[in-house]
1. Which condition does residue B:84 not pass, out of (1) within 21 Å of the chain's Cα centre (by Cα); (2) free of Cβ contacts under 8 Å to residues at least 40 places away in the same chain, if it passes all the others?
2. For segment B:186-290, give me every one of the helices (runs of 4 or more DSSP H) that falls completely inside it and has 1 or more residues that are touching a residue at least 60 places away in the same chain (Cβ under 8 Å).
3. Applying the selection to segment B:30-65, what residues are more than 14 Å from chain A (Cβ to nearest Cβ), surrounded by fewer than 16 Cβ atoms within 10 Å (Cβ to Cβ) and modelled with pLDDT under 90?
4. If only one of A:39, A:85, A:75 is in contact with a helix residue (DSSP H, G or I) (Cβ under 9 Å, 6 or more places away or on another chain), within 14 Å of chain B (Cβ to nearest Cβ) and either buried (at least 20 other Cβ atoms within 10 Å of the Cβ) or modelled with pLDDT under 85 (or both), which one is it?
5. Considering each residue of segment A:211-250, count those that are assigned to a helix (DSSP H, G or I), closer than 30 Å to residue A:87 by Cβ and either modelled with pLDDT under 90 or more than 17 Å from the chain's Cα centre (by Cα) (or both), and give that number.
6. Which of the helices (runs of 4 or more DSSP H) found entirely inside segment A:72-140 contain at least 2 residues meeting this: over 23 Å from residue A:165 (Cα atoms), touching a strand residue (DSSP E or B) at 6+ places or on another chain (Cβ under 9 Å) and free of Cβ contacts under 8 Å to residues at least 40 places away in the same chain?
7. Taking segment B:98-133 as the search range and keeping residues that are away from every other protein chain (no Cβ under 14 Å) and outside any helix (DSSP H, G or I), which one is farthest from residue B:155 (Cα to Cα)?
8. Being without any contact (Cβ under 8 Å) to a residue 40 or more places away in the chain and farther than 26 Å from residue B:52 by Cα: is that true of residue B:134 here?
């Protein structure tokens, strides 16, 4: 475990030294600032708006961060041949993947935590109560972010970075569709589409901003099961990514 | 008795061309071994397959056929890989780190638990003692190569695999590298030294494997490779004169010796002629494989 954590730390430091991450962070902060301006528009139920927009912002932030963090890690390592001395001697391919993933996941978690705290501060400044479910809801978005990281790593082992981002966004969109909506994409084969939809991830389970904004109580078991689902799917994606990586020749 | 540090048996590597309709054979059934404490030169023209072979040895490429073993085990085994130091060709490490940071992280990944003083000693050995805390971003190619060597030496490896390690170095730095390699051999390490700088191979290697177009064309002890079978040098002398030398073909050797004796000369020595490694290489690769 220690080699993986050391490599994760190395990845973390490397990511924090990259400009792209700070660019994404600035976009998230500007979005939060924009959300903080909602009361000035005089809308009714402004607390709900702030929560709704804020959690939506975190959701999109999780997606952008996952792409920004992970889409270029392996291609860059391969292009610069940095991966070779690492895999040739101290680490196995599995340890390399896990180290890179954990490093990126820590950055994602820190960014989501900062985003969540920022949203709480905005709510408090504007005189609104912070819902009790806000932290678990952010936790779900974080699990979604980690799952997306795993997806981005999975794509990065067999596609180019320019293709990785649209494929991830496509999966993000498709995985929020209902079964009925998915069948409409290709109504000629409803059985196939239904099966396909069941196999594809269901990211809609992570998005609970509407019930939270409307003050609907969410059972703790829901959070637990949704997180378990997300983590299991993430592990599945990482396993496939590792299988592809292991089968690859590092030319 | 321990197995060879490195053994390659009938190694073959094919790469698929675009669309996967045809393939290109980068390595064609090469076999050799590296004995303990030996420096083996691995030479060949550009594109001969040297780096491909090294990547197969390190488990970065999967052989299409044949087998690579390190001390009799699979190169993928982490236990075996902990005994290796690898100096890649043109290393391009993450340049936002300093050499000390790299050594610290590699030490931890290798479970070495080295102290800072030990790391500074390694940096001193490779000539980077003043640069330990400077980001690699500002380093020249030669300095990056030194970082690479420091990382390879860090674990006191039993096997050093070096892929064109002196490519970007000036003559003085090349000499320093050679001295380090010889010191490593003295310590007991085996060295697999890939290069196309024949003078270096000639200076430090015990044996050489010559590759051309993916095939192994010659393998043997340098002395054997460089010794010609068909030309000899006769050293002869008469009374108090200076010794003289004469080169003759093998077929005419005995007759020439007899003639010299008949003329009153004393034969001091008859030795086979040695070619340079460059001559061996050019003749083995049909002028360099081009």
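1. Residue B:84 satisfies every listed condition except (2).
2. Once the helices (runs of 4 or more DSSP H) in segment B:186-290 are filtered for at least 1 residues that are touching a residue at least 60 places away in the same chain (Cβ under 8 Å), what remains is B:198-204, B:222-226, B:277-284.
3. Result: B:46, single match.
4. Details: A:39 fails: within 14 Å of chain B (Cβ to nearest Cβ); A:75 fails: either buried (at least 20 other Cβ atoms within 10 Å of the Cβ) or modelled with pLDDT under 85 (or both).
Selected residue: A:85, the only one of A:39, A:85, A:75 that is in contact with a helix residue (DSSP H, G or I) (Cβ under 9 Å, 6 or more places away or on another chain), within 14 Å of chain B (Cβ to nearest Cβ) and either buried (at least 20 other Cβ atoms within 10 Å of the Cβ) or modelled with pLDDT under 85 (or both).
5. Looking only at segment A:211-250, we keep the residues that are assigned to a helix (DSSP H, G or I), and these are A:211-213, A:220-247.
Narrowing the set further to residues that are closer than 30 Å to residue A:87 by Cβ leaves A:230-247.
Still in the list and also either modelled with pLDDT under 90 or more than 17 Å from the chain's Cα centre (by Cα) (or both): A:239-240, A:242-247.
Residues that pass the stated criteria total 8.
6. Numbers: elements: A:73-79, A:83-88, A:93-125.
Once the helices (runs of 4 or more DSSP H) in segment A:72-140 are filtered for at least 2 residues that are over 23 Å from residue A:165 (Cα atoms), touching a strand residue (DSSP E or B) at 6+ places or on another chain (Cβ under 9 Å) and free of Cβ contacts under 8 Å to residues at least 40 places away in the same chain, what remains is A:83-88.
7. Among those residues, the one meeting the criterion is B:133.
8. Yes: the conditions hold for residue B:134.
The values are calculated or read from the model by the stated rules, or taken from the named source; none is laboratory data. As the structure is a computational prediction, the values presented were derived from the model and not from experiment. Methodologically, a virtual Cβ is constructed for each residue, glycine included, from the backbone with ideal geometry; neighbour enumeration extends over all protein chains shown.
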